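Asks: Below is a structure I'd like to ask you about.
The values are calculated or read from the model by the stated rules, or taken from the named source; none is laboratory data. From a predicted model like this one, the values you see are computed outputs, not experimental measurements. Backbone-built Cβ (ideal geometry, glycine too); neighbour counts: all protein chains shown. The protein model used for the area step is the full one, side chains on, heavy atoms only, and it has no ligands, DNA or RNA in it. Shrake-Rupley method; radii C 1.70, N 1.55, O 1.52, S 1.80 Å.
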Amino acid sequence: MAAFGTVFMPEMALATFENDQWNKAQIVSADSINLHPAAHVLHYSSTCFEGLKAFKHEDGSVHVFRMDQNIKRFAQSSRFLSLPEVDEAQVAQMIMDIVAKYADDVPLPPGSMYIRPTHFGTEPAIGKAAVPSLTSMLYVLLSPVGDYFTGGAKALRLLLDETGMRCAPHMGMIKSGGNYASALGPISKARVEHNADQILFCPNGDVQETGAANFLLIDGNEIITKGLDSTFLHGVTRSTILTLAADLGMTISERDITVSELLERSAKPGVEAALSGTAAVLTPVGTFIHNDKEYTVGSGEAGPTTAKLRQALNDIQWGKAPDVHGWLKRVK
Ligand SMILES: Cc1ncc(COP(=O)(O)O)c(C=O)c1O
């Protein structure tokens, strides 16, 4: 199967912001865009994006999952990057229109249609290093996907990094391209030097997140994850899993967790750790690597609570359990 995110639908929805207003969105070819070489985004990284999914149910209907949350975060990212204010209703309509057009191409579970809204500054002005772009482009690209982690539920190896950071602390809650570029070097090094799948960024011992997913620790009936602050991305899957865990009667602890507490707790039998994200869903973590030593989390394998929560999430997304929280929006 093709690698995640390398296959695209032939068209996308696109809107541009010019003269202080959004133009009417259009469905255009997804093969290429026209961008001036001096476009603000190419020099000063005025860009943000989102990732959400549409699912096909057994009756052939197609539903987007928690679109309102992703659009809210998209608008917030745009605002923090001084991009033009997005029109949330317009973005919702663009998503609905393009997914409806390609509804027949939405893969059946465990596949889905990954939806990538993207917004960036287009003003050709290389003198604007410290001034926002007055124009922008926003599009919604579609990519049919299978499972992100091709090993399936294979437990991951995470390098705990206490000295580096994923990105600048005030940028963590912004889903911006520059954050990912800034984490690439350390992640590549961790792969080569430690055979790690990901880095769990823990600046000064504060357990934050990995390059593309949030981190959760499960100890018996308790689920522990860092409380929301500006340093990391406020994952929609994180909030979904916490809600589902509370529905199942689990105790939710949103608070700071240190590397020493993490290593101490995860040595206990039955403890589980997992990564949450739209792409990752809920992926088990089996090993931590810290100061060249390896620590097995619980049994080192995918644990039962992680599997139960992942299933509860998939059951709603796939239309096999009632959508009691109203997370699905029917496209077709
Ligand atoms: C850095 C980072 N953290 C966390 C997440 C999880 O966010 P969400 O659950 O909204 O996909 C993502 C995106 O998938 C991410 O890129």
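Asks: Name the residue, out of Ala213, Ala181, Ala155, whose mean-square fluctuation peaks in a Gaussian network model built on the chain with Cα pairs under 10 Å.
Replies: Ala181
Asks: Using amide H atoms built 1.01 Å from N in the peptide plane, name the residues 5+ places from Glu11, or on other chains, whose amide H lies under 5 Å from its own.
Replies: Under 5 Å from the amide H of Glu11 lie the amide H atoms of Ala30, each far enough along the sequence or on another chain.
Asks: If the cut-off is 15 Å between C-alpha atoms, which aspartates and glutamates fall inside it for Lys308, apart from same-chain ones fewer than 8 positions away?
Replies: Counting by Cα, and skipping residues close in sequence, Lys308 has these aspartates and glutamates nearby: Asp219, Glu222, Asp247, Glu272.
Asks: Could you provide, to the nearest whole Å², the per residue accessible area of the range 61-220 with probe 1.4 Å? Could the numbers behind the result be given before it?
Replies: Numbers: 6220 Å² over 160 residues.
Per residue, the range 61-220 has an accessible area of 39 Å².
Asks: List the aspartates and glutamates whose alpha-carbon lies under 13 Å from that of Lys320, not counting same-chain residues fewer than 8 positions away?
Replies: Glu58, Asp59
Asks: On to the next question. What are the ³J(HN,Hα) couplings of the range 228-244, residue after residue, when phi is run through the Karplus curve with 6.51, -1.76, 1.60 and θ = phi - 60°? Round to Hz, x for glycine and proline.
Replies: Values, residue by residue: 5, 8, 7, 7, 9, 7, 7, x, 5, 5, 3, 5, 5, 5, 5, 5, 5 Hz.
Asks: Rounded to the nearest 10 Å², what accessible area does His43 show when all protein chains are kept and the probe is 1.4 Å?
Replies: So the heavy atoms of His43 present about 80 Å² to solvent.
Asks: If you don't mind, another one. Could you work out how far helix 177-194 tilts from the main Cα principal axis of the chain, as a 0 to 90 degree angle to the nearest 10?
Replies: Result, in degrees: 40.
Asks: Label Leu108 and Ser230 with points 7 Å out from Cα along Cα→Cβ: what is the distance between them in nm?
Replies: Placing both labels 7 Å along Cα→Cβ, they lie 4.9 nm apart.
Asks: Report the accessible area of Lys101, computed with a 1.4 Å probe over the heavy atoms of all protein chains in place, in Å² rounded to the nearest 10.
Replies: Surface accessible to solvent at Lys101 totals approximately 110 Å².
Asks: Given axes a ≥ b ≥ c from the Cα gyration tensor, I'd like to know whether the range 11-145 is rounded (a/c under 1.5), prolate (a/b larger than b/c) or oblate.
Replies: Details: a/c = 2.34, a/b = 2.06, b/c = 1.14.
Taking the square roots of the gyration eigenvalues as a ≥ b ≥ c, the range 11-145 is prolate.
Asks: Okay, moving on. Would you calculate the separation in nanometres between label points at Leu248 and Phe4, each defined as 7 Å from the Cα along the Cα-to-beta-carbon direction?
Replies: Spacing of the two 7 Å Cα→Cβ label points: 2.1 nm.
Asks: Given R₀ = 30 Å, what would the calculated FRET efficiency be for Ser260 paired with Ala168, taking r from the Cβ atoms and rounding to 0.05?
Replies: Efficiency, from the Cβ-Cβ distance: 0.75.
Asks: Using the Cα centre as the reference, give the magnitude of the dipole from point charges on the C-beta atoms of the chain (Lys, Arg: +1; Asp, Glu: -1; all else neutral), rounded to the nearest 20 debye.
Replies: Working: 28 positive and 36 negative charges, 47 e Å.
It comes to approximately 220 debye.
Asks: List the aspartates and glutamates whose Cα lies under 18 Å from the Cα of Lys56, skipping any in the same chain that are fewer than 8 positions away.
Replies: Lys56 reaches Asp97, Asp104, Asp105, Asp147, Asp315, Asp323.
Asks: In the range 156-317, what percent of the accessible surface is made up of carbon and sulfur (1.4 Å probe, ligands and nucleic acids excluded)? Don't skip to the answer; put the middle values down first.
Replies: Details: 3260 of 6240 Å².
Ligands and nucleic acids excluded, carbon and sulfur give 52 percent.
Asks: Can you figure out the FRET efficiency of Lys268 with Glu193, using R₀ = 25 Å and their beta-carbon distance, to the nearest 0.05?
Replies: Details: r = 28 Å, r/R0 = 1.13.
E(calc), rounded to 0.05, equals 0.30.
Asks: Follow-up. Angle, helix 88-101 long axis vs. longest principal axis of the chain, Cα atoms, 0 to 90°, nearest 10?
Replies: Once rounded, one gets 90 degrees.
Asks: Using a 1.4 angstrom probe on the protein heavy atoms only, could you order Glu209, Glu18, Glu193 from most to least accessible area?
Replies: Details: Glu209 10, Glu18 85, Glu193 115 Å².
Solvent-accessible surface, decreasing: Glu193, Glu18, Glu209.
Asks: Sticking with this one: What accessible surface, in Å², does a 1.4 Å probe find on Arg191, ignoring ligands, DNA and RNA and rounding to the nearest 10?
Replies: Around 120 Å² of this residue is reachable by solvent.
Asks: What nm value, rounded to one decimal, do you get for the distance between Ile27 and Glu301 when each label is placed 7 Å out toward the C-beta?
Replies: 4.8 nm
Asks: Oh, and also: Considering only DSSP beta bridges whose two residues both sit in the chain, what percent are antiparallel, to the nearest 5?
Replies: 80 percent
Asks: Using a/c under 1.5 as the rounded threshold, could you call the range 156-317 rounded, prolate or oblate? The axes a ≥ b ≥ c are square roots of the C-alpha gyration tensor eigenvalues, and prolate needs a/b larger than b/c, oblate otherwise. Could the numbers behind the result be given before it?
Replies: Values: a/c = 1.60, a/b = 1.22, b/c = 1.31.
Verdict is oblate for the range 156-317.
Asks: Can you pull the percent of the range 42-151's accessible area that's carbon plus sulfur, 1.4 Å probe, other chains left in place?
Replies: Numbers: 2320 of 4340 Å².
Reported share for carbon and sulfur atoms: 53 percent.
Asks: What is the chain by shape, rounded, prolate or oblate, if you read a ≥ b ≥ c off the alpha carbon gyration tensor as root eigenvalues and call it rounded for a/c under 1.5, prolate for a/b larger than b/c, and oblate otherwise?
Replies: Numbers: a/c = 1.97, a/b = 1.33, b/c = 1.48.
It is oblate, given that a/c is not under 1.5 and a/b is not larger than b/c.
Asks: For the pairs Lys128/Lys175; Lys154/Lys189; Lys226/Lys332; Lys101/Lys128, note any where the Cα-Cα span goes beyond 29 Å.
Replies: Over 29 Å Cα-Cα: Lys226/Lys332; Lys101/Lys128.
Asks: Subtracting the Cα-Cα distance from 0.36 nm times the residue separation, let me have the gained length for Glu85 to Val131 in nm, one decimal.
Replies: Difference between extended and current length: 15.0 nm.
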